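Readers should treat all values here as calculations from the given coordinates under stated rules, not as data from a laboratory. What you see is a predicted model; the values in this text were computed from it and never measured. Here Cβ is always computed from backbone atoms with ideal geometry, including for glycine, and neighbour counts include all displayed protein chains.
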Amino acid sequence: MTYIPKPKLHHPQLPTNKLGFTHRDYEGSISTLCAGCGHDSISAAVIQACFELDIQPHRIAKMSGIGCSSKTPDYFLGNSHGFNSVHGRMPSVLTGANVANKDLIYLGVSGDGDSASIGFGQFAHSIRRGVNMLYIVENNGVYGLTKGQFSATSDKGSKSKYGAINGDSAIDMVSIAMQLGATYVARSFSGDKSQLVPLIKAGMSHHGAAFIDCISPCVAFNNHVGSTKSLDYVREHNETVNKLDMMVDHEAIVADYAPGTVEMVTQHDGSVLRLRKTSPHYDPSDRIQAMNYLQERAAAGEIVTGLLYVDPEGTDLHDYLNTVDKPLNELQTEDLVPGSEALKKLNESLR
Amino acid sequence: MEPTNIAAPEYFHKVVDCQWACPAHTPVPEYIRLIAAGRYSDAYMVNWRSNVFPGILGRTCDRPCEPACRRGRVEKEPVAICRLKRVAADNKDDIRDRLPGIPVQKNGKRIALIGAGPASLTVARDLAPLGYEIVLFDGDPKAGGMMRTQIPRFRLPEAVTDEETGYITEMGLDLRLGQRIDSLKQLLTEGYDAIFVGSGAPRGRELELPGRQEAAANIHIGIDWLSSVSFGHTDKIGKRVIVLGGGNTAMDCCRTSRRLGGEEVKVIVRSGFEEMKASPWEKEDAQHEDIPILNMLVPKEFRHKNGKLTGVVFEKVQAVYDAKGKRSLVPTGEPDPFFECDDVLLAVGQENAFPWIERDIGMDFDKWDMPAVDAVTFQSAIPNVFFGGDAAFGPKNIIWAVAHGHEAAVSIDKFCHGEDVKDRPAPDVALISQKMGIHEWSYDNDISNDQRYRVPQRDKEVSLKDVRVEVELGFDQKLGYAEAERCLNCDVQTVFTPSLCIECDACVDICPMDCITFTANEPEEELRHHLQAPANNRTQDIYVSPELKTSRIMAKDEDVCLHCSLCAERCPTGAWDMQKFLLDTTQAGPACRSR
Ligand SMILES: Cc1cc2nc3c(=O)[nH]c(=O)nc-3n(C[C@H](O)[C@H](O)[C@H](O)COP(=O)(O)OP(=O)(O)OC[C@H]3O[C@@H](n4cnc5c(N)ncnc54)[C@H](O)[C@@H]3O)c2cc1C
Ligand SMILES: Cc1ncc(C[n+]2csc(CCOP(=O)(O)OP(=O)(O)O)c2C)c(N)n1
Ligand code: SF4
Ligand code: SF4
Ligand code: SF4
Ligand SMILES: [Mg+2]
């Protein structure tokens, strides 16, 4: 936390994107989180991703619940739409907004407490409905805001700052998301922006329910020896299955990798994902294999990160509901009340 | 890259761009903070220790610090460092009780100083408090050298010169004003332990063109004419004046002419406007006083009628560049322009003149017939004769004369104590944490967004009427405060302790200037391209840590750091700290000696 506002001055040679913005133009107000909080790094990654995607800030709606993690949308995208809901209710508020106006880019930001405890049901239903969004859980294994109680993602056997051992089984958000039909699933780490930024970019460009479980150490309550969500622990146990580059404009692809180690995936919106495999046999298009692999590595004490599963042809809630092309909030009386002639026609068709 | 050695005094000194650029290494941010705190006398004394003439320099300094100032790299203009000095001088209390005492018991050494300009006065100031007996000679009746005789009163009121030269001449010196030295050979026989030559560069360069002799009555050497105005011997000039030359002397000549009856005054230079030697602000001030500056005109002939000057003929030239990009001025072939005038002032350069130094006394002279002087010790081939100021390496400016004076005083002090003058003393440095609380620092870390303030000037109608009326009014306290707040406190260093870093990225994320990167180590050239933001300014260092836990390094580009402390505030472990780096050069006295 800081008392002075972040100075307006910026580096004179800062790159600008297609809209003429620098990454500083995607910042929000200054963070009030603890110094060193992993969540601030995720905010920085969101800022960088939106800058690189040349997104107009007013095209984004950022939604969150309650928690340190849920406070972060205040610290990025100061010129975007936003809604800070009650605890655990971000998914339903986001779903409602999305139903009303499918033209915006939805970014759901939540914590492991917000999504795996009080909001677990909400999380599950938004995923299984295929809401078109990027849902990021900033996962630190504790309730940071309420001073560090174990959360439901805390590993069995991990130790709290004050010595208590967690006896409950952990919820693995990534496995649940895959099981419930998310069409883009990734896990990353706040301490590795080179991995996180492209994952956020690809997730925001994905059509359908995209989910990122981002491990984000809580420096105040969960960064000690005995924690499985500390910076050191995650760095030691991180098993990266692939490295993602995200190309929006089909930029020239430099083929400087050994054959079979690079895979190109073209998403629904035309964006190309270039995946460099670091784990040779991992196939992110095979959901069953991916789920098995995750279980296997988890049993071996590894934390698998990277793009874990993607269905480039993802579908979304509006596809299932077969809604009209125009966003519902733009429909006018004439669209909604077509008149007796139209009613007559409809009745005829049902005879 | 090798990890940065922050224990070497020059590393953090270089980060304080202004102090590094100042020839006398004035601790600029330190005095600027004191001004902001309203502690004008303290700010004055910080200056006085380093540059000896804060009130004079606060009006006239060539200010090499300002082009170097970091503020000029993060927005349009640097901090008005020079004019802030004047704020300290204008608003201070009586500081006489803070000046060093002069011992009654002398140390038995006698030193002769030739010339009473800023160089000699600095030597006197450094040595008199140590008990040296100082004998100060000057051909002029008052001390101050060119500060008094050349710089016009409308830029530097005489009262300021009197005050600041007075602090030194009242240090119990043996003043021999009005006494020229005509023979160094003679002086060497008079038993001085050391002699310091601070006689300046007193000769104005001639311009031998047809008509020069015939029209001599109305063609004046600029610096002689200016001193004659200063002494009150000259108080008028013709209505139409041409000033030849493009340096600061030319600017003083034309502006002085405007005040002595010159109505149509122009400055005419051989080369382009941009290449003129005069400082940009001096040119601006001249133009503001309705003095046109005409360029690309090479003087050819002085026209006269029966020995009365009528004007000057010029040849029009243009700049032509050869294949190597080397420029030459080539006549355009157009008819030669003729400009009528009543008087011409020659300001085409200045030279040293040592007719009073005999060639058979053991002094070495170089190929330009200048005494050979060591650039570090200021010693000549005669071991007890030292030089400084314009006399040492040709005309420069006041702050360089002061810097030379300090160094020469160190040499004299060591020489008189039988020490090797080549063994130079290290500066006195201190590095102190500024942390007062989690978000509290003992300096104002909030960055002002204000643009540079202009110094208020007196109405032209008034100032053009009298050569003694000062044009600039100076910043008042309020403006002085606002301008002082623009300073980025570059002496408050970001100090990194690698063993405490947990590589959480918090500093990288918060830094408003994208200064910090955690990355794989590489040679400097590659590293400069792989940072958060390109590090293209090679004059600024990259601060590199040893290898960290993840086998990366921390690399910080010092170039545009605002010293805002946000990195340190965001660091959860205190791996970053803001520490004030105070560097004082070592001056003559026990500290400069090795025994
Ligand atoms: C017109 C003009 C304007 C200037 N404006 C500025 C300015 O705005 N800012 C700036 O920083 N600099 C300015 N300068 C330059 C500055 O004045 C000099 O660089 C500086 O004064 C040099 O100091 P000094 O101690 O070496 O010698 P000087 O100041 O030249 O003093 C030398 C003294 O030695 C005396 N002397 C010489 N020979 C003998 C002798 N044989 N015996 C006894 N006495 C002797 C002279 O009478 C003189 O008083 C200006 C110069 C000129 C000509
Ligand atoms: C309805 C309700 N129940 C309980 C709380 C108390 N509470 C606030 S934040 C929080 C947990 C937040 O944990 P998480 O989502 O992991 O966020 P973190 O602070 O760890 O980022 C709880 C239980 C609340 N605000 N509202
Ligand atoms: S309590 Fe933990 S999660 Fe919350 S701001 Fe502090 S470090 Fe971050
Ligand atoms: S900002 Fe202040 S400390 Fe930094 S170079 Fe400029 S005057 Fe000096
Ligand atoms: S003080 Fe720290 S945060 Fe501020 S500009 Fe410098 S490196 Fe960046
Ligand atoms: Mg949490």
Answer residue from the range A:159-184, given it is under 30 Å from A:H207 (Cβ atoms) and outside any loop (DSSP other than H, G, I, E, B) and is nearest to ligand 1 (Cβ to nearest atom) among those: A:Y184
Complete set of residues in the range A:302-327 that are part of a loop (DSSP other than H, G, I, E, B) and surrounded by fewer than 20 Cβ atoms within 10 Å (Cβ to Cβ): A:E302, A:P312, A:E313, A:T315, A:N322, A:T323, A:V324, A:D325, A:K326, A:P327
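Okay, residues lined up against (1) closer than 21 Å to A:G141 by Cα; (2) free of Cβ contacts under 8 Å to residues at least 40 places away in the same chain; (3) more than 11 Å from every other protein chain (Cβ to nearest Cβ):
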residue	(1), (2), (3)
A:I212	yes, no, yes
A:S216	yes, no, no
A:A220	yes, no, no
A:V241	no, no, yes
Residue that is nearest to the chain's Cα centre (by Cα) [pool: residues in the range B:468-513 that are crowded, with 17+ Cβ neighbours inside 10 Å and without any contact (Cβ under 8 Å) to a residue 40 or more places away in the chain]: B:L479
Qualifying residue in the range B:181-188 (condition: away from ligand 4 (no atom under 16 Å from the Cβ), closer than 29 Å to B:C253 by Cβ, surrounded by 21 or more Cβ atoms within 10 Å (Cβ to Cβ) and not basic (K, R)): no
Odd one out for A:G113, checked against (1) more than 16 Å from ligand 3 (Cβ to nearest atom); (2) assigned to a helix (DSSP H, G or I): (1)
Residue in the range B:295-305 that is touching a residue at least 40 places away in the same chain (Cβ under 8 Å), in contact with a helix residue (DSSP H, G or I) (Cβ under 6 Å, 6 or more places away or on another chain) and under 24 Å from B:R212 (Cβ atoms) present: no
Complete set of residues in the range A:16-39 that are facing chain B (nearest Cβ under 8 Å) and without any contact (Cβ under 8 Å) to a residue 40 or more places away in the chain: A:R24
Options A:V219, A:V185; residue that is more than 22 Å from A:D316 (Cβ to Cβ) and either of a type in the set (A, V, I, L, M) or away from ligand 6 (no atom under 16 Å from the Cβ) (or both): A:V219
Qualifying residue in the range B:273-296 (condition: assigned to a loop (DSSP other than H, G, I, E, B), of a type in the set (D, E) and farther than 17 Å from B:C253 by Cβ): yes
The range A:120-158 - residue that is among the β-branched types (V, I, T) and part of a loop (DSSP other than H, G, I, E, B) and, of those, nearest to ligand 1 (Cβ to nearest atom): A:T146
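When the residues of the range A:94-129 are narrowed to those that are β-branched (V, I, T) and within 16 Å of the chain's Cα centre (by Cα), which ends up surrounded by the most Cβ atoms within 10 Å (Cβ to Cβ)? Full working, then the answer.
Start the filter on the range A:94-129 by keeping residues that are β-branched (V, I, T), which leaves A:95, A:99, A:105, A:109, A:118, A:127.
Still in the list and also within 16 Å of the chain's Cα centre (by Cα): A:95, A:105, A:109, A:127.
Working: A:T95: 20, A:I105: 19, A:V109: 31, A:I127: 26.
Among those residues, the one meeting the criterion is A:V109.
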Selection within the range A:121-147 - within 14 Å of ligand 2 (Cβ to nearest atom) and touching a strand residue (DSSP E or B) at 6+ places or on another chain (Cβ under 6 Å): A:Y135, A:I136, A:V137, A:E138, A:N139, A:Y143
Residue tally, condition free of Cβ contacts under 8 Å to residues at least 24 places away in the same chain and either polar (S, T, N, Q) or closer than 25 Å to B:E470 by Cβ (or both), over the range B:86-101: 1
The range A:192-207, subset in a loop (DSSP other than H, G, I, E, B) and surrounded by fewer than 24 Cβ atoms within 10 Å (Cβ to Cβ), residue farthest from the other protein chains (Cβ to nearest Cβ): A:H207
Which numbered condition A:I66 fails, given (1) within 16 Å of ligand 6 (Cβ to nearest atom); (2) of a type in the set (A, V, I, L, M, F, W, C); (3) under 19 Å from A:L199 (Cα atoms): (3)
Lone unmet requirement of (1) assigned to a loop (DSSP other than H, G, I, E, B); (2) surrounded by fewer than 20 Cβ atoms within 10 Å (Cβ to Cβ) for B:Q318: (1)
Of residues in the range B:552-574 being away from ligand 3 (no atom under 16 Å from the Cβ), out of contact with any Phe, Trp or Tyr (no Cβ under 6 Å at 6 or more places or on another chain) and within 11 Å of chain A (Cβ to nearest Cβ), the one nearest to B:A506 (Cα to Cα): B:L566
Residue satisfying condition, being under 19 Å from B:P280 (Cα atoms) and either within 16 Å of ligand 2 (Cβ to nearest atom) or surrounded by fewer than 24 Cβ atoms within 10 Å (Cβ to Cβ) (or both), within set B:R39, B:R73: B:R73
Hits in the range B:522-542 (condition: more than 10 Å from chain A (Cβ to nearest Cβ) and touching a Pro at 6+ places or on another chain (Cβ under 9 Å)): B:R528
Identity of the residue in the range B:10-24, within 16 Å of ligand 1 (Cβ to nearest atom) and farther than 13 Å from B:R70 by Cα, that ends up nearest to the other protein chains (Cβ to nearest Cβ): B:C22
Helices (runs of 4 or more DSSP H) wholly inside the range B:176-267 containing at least 1 residues that are over 16 Å from B:T149 (Cα atoms) and not aliphatic (A, V, I, L, M): B:184-188, B:248-259
Search result, residues across the range B:378-393 that are part of a loop (DSSP other than H, G, I, E, B) and surrounded by 21 or more Cβ atoms within 10 Å (Cβ to Cβ): B:F378, B:S380, B:G388, B:G389
Close pairs from the range B:52-79: first more than 14 Å from chain A (Cβ to nearest Cβ), partner polar (S, T, N, Q) and more than 16 Å from ligand 6 (Cβ to nearest atom), Cβ under 7 Å, at least 6 apart: B:V52/B:T122; B:P54/B:N47; B:I56/B:T161; B:L57/B:N51; B:D62/B:S279; B:D62/B:N397
Residue in the range B:586-595 that is nearest to the other protein chains (Cβ to nearest Cβ), counting only those that are in contact (Cβ under 8 Å) with a residue 12 or more places away in the chain and surrounded by fewer than 20 Cβ atoms within 10 Å (Cβ to Cβ): B:T586
Members of the range B:491-514 that are within 8 Å of chain A (Cβ to nearest Cβ) and in a loop (DSSP other than H, G, I, E, B): B:I502, B:E503, B:C504, B:D505, B:P512, B:M513, B:D514
Qualifying helices (runs of 4 or more DSSP H) (wholly inside the range B:81-175; at least 2 residues being surrounded by fewer than 18 Cβ atoms within 10 Å (Cβ to Cβ) and among the small types (G, A, S)): B:158-169
